[in-house]
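Here's the structure we're looking at; comments come further down.
The values are calculated or read from the model by the stated rules, or taken from the named source; none is laboratory data. This is a predicted model, so every value here is computed, not measured. Quick reminder, even Gly has a Cβ in these numbers, built from the backbone with ideal geometry, and neighbours come from all protein chains shown.
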Ligand SMILES: [Zn+2]
């Protein structure tokens with residue numbers, strides 16, 4: 001039988017199909033004929049198809065796993081907004097992390113700590129347990145703050161910051177939350193701050209800050225005004241103003257826990273209780289009522 005060199009030939013012997021296939025032996029060389037069973041061919045084709053499909057499934061699985069690793073799982077939050085016994089008070093920044101340092105206002109790490117200490121004291125006077133993530137000018141990494149907040153069972157977490165913007169005209173209060181379980185507390189704090197004379201509402205917003213996102217209890221972050229703004233910045237120098245900020249934040253926390261009208265902190269302060277003393281090492285530009293000269 002004559003066939004073209006590269007053409008395969010099918011031969012049937014006892015109902016089993018064979019295929020004769022030329023195999024080139026080398027450049028310009030003659031061809032060998034190999035005999036391949038058609039059943040084996042089909043089996044080979046099937047294995048090839050299956051291994052391709054398996055590889056596709058494997059790679060899709062690997063991709064899903066990689067995406068799963070890259071996307072952090074949502075932290076489950078216990079809604080303790082109306083049952084909490086402990087408040088974790090977090091003063092933003094500290095140590096080598098100064099936070100906002102601007103012309104008109106004091107360094108953020110110092111005023112954040114001052115307001116946080118005042119909130120802490122007011123809450124303790126209201127029979128709540130408190131834990132501060134820092135009470136001195138030290139640097140606490142975010143993960144350590146998260147560990148502290150989550151170690152307190154039946155708690156809420158309140159982080160105190162001041163804000164910063166390149167646009168000096170921006171001013172006002174903002175409060176952030178991540179879990180819907182923290183929204184009511186965030187809204188209440190924001191509303192209380194808006195009671196202050198001349199307060200500007202910049203809203204309550206969801207945010208992905210680590211101390212909020214990783215919290216297992218309701219957690220909020222309060223921005224007590226813009227240190228980059230002349231008005232907010234100069235207010236932040238005032239001890240009386242910082243005490244008012246703390247008072248509003250403490251009142252909101254206590255009302256969220258025990259109901260409206262329960263908080264007595266503001267009237268006690270007005271009746272002449274000594275304010276929380278401050279031992280910050282820095283001084284203000286001029287005013288005798290400012291932090292740092294007492
Ligand atoms: Zn900050």
State which residue is nearest to the chain's Cα centre (by Cα) when the search covers only the range 199-212 and only residues that are under 23 Å from residue 78 (Cβ atoms) and away from the ligand (no atom under 16 Å from the Cβ).
-> 206
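Residues checked against (1) in the same structural domain as residue 173 (by TED's automatic domain parsing); (2) without any contact (Cβ under 8 Å) to a residue 24 or more places away in the chain; (3) touching a helix residue (DSSP H, G or I) at 6+ places or on another chain (Cβ under 6 Å):
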{"site": "98", "(1), (2), (3)": "yes, yes, yes"}
{"site": "110", "(1), (2), (3)": "yes, no, no"}
{"site": "134", "(1), (2), (3)": "yes, no, no"}
{"site": "141", "(1), (2), (3)": "yes, yes, no"}
{"site": "145", "(1), (2), (3)": "yes, no, yes"}
For the subset of the range 95-123 comprising residues that are more than 12 Å from residue 160 (Cα to Cα) and outside any loop (DSSP other than H, G, I, E, B), which member is nearest to the ligand (Cβ to nearest atom)?
-> 97
Mind telling me which of the residues 190, 244 ends up being in contact with a strand residue (DSSP E or B) (Cβ under 8 Å, 6 or more places away or on another chain) and within 23 Å of residue 132 (Cα to Cα)?
-> 190
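Across the range 141-165, which residue is farthest from the ligand (Cβ to nearest atom) among those that are part of a loop (DSSP other than H, G, I, E, B) and under 19 Å from residue 224 (Cβ atoms)?
Initially, the range 141-165 is screened for residues part of a loop (DSSP other than H, G, I, E, B), giving 141, 152-154, 164-165.
Still in the list and also under 19 Å from residue 224 (Cβ atoms): 164-165.
Numbers: 164: 7, 165: 12 Å.
Selected residue: 165.
Results for (1) farther than 21 Å from residue 100 by Cα; (2) at pLDDT 95 or above; (3) assigned to a helix (DSSP H, G or I), shown as yes or no for each residue.
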site: 176; (1), (2), (3): no, yes, no
site: 183; (1), (2), (3): yes, yes, yes
site: 217; (1), (2), (3): yes, yes, no
site: 225; (1), (2), (3): no, yes, no
Contacts under 6 angstrom Cβ, first residue in the range 216-229 being touching a residue at least 24 places away in the same chain (Cβ under 8 Å) and within 15 Å of residue 76 (Cα to Cα), partner assigned to a strand (DSSP E or B) and more than 10 Å from the ligand (Cβ to nearest atom), 6 or more apart = 217/155; 217/156; 218/156; 219/157
Got at least one residue in the range 187-198 being under 25 Å from residue 102 (Cα atoms), within 14 Å of the chain's Cα centre (by Cα) and at pLDDT 95 or above?
-> no
In this structure, is residue 202 in contact (Cβ under 8 Å) with a residue 12 or more places away in the chain, out of contact with any helix residue (DSSP H, G or I) (no Cβ under 8 Å at 6 or more places or on another chain) and at negative phi?
-> yes
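Matching residues to (1) surrounded by fewer than 16 Cβ atoms within 10 Å (Cβ to Cβ); (2) at pLDDT 95 or above; (3) over 18 Å from residue 150 (Cα atoms):
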{"residue": "78", "(1), (2), (3)": "no, no, no"}
{"residue": "90", "(1), (2), (3)": "no, yes, no"}
{"residue": "98", "(1), (2), (3)": "yes, no, yes"}
{"residue": "131", "(1), (2), (3)": "no, yes, no"}
{"residue": "136", "(1), (2), (3)": "yes, yes, yes"}
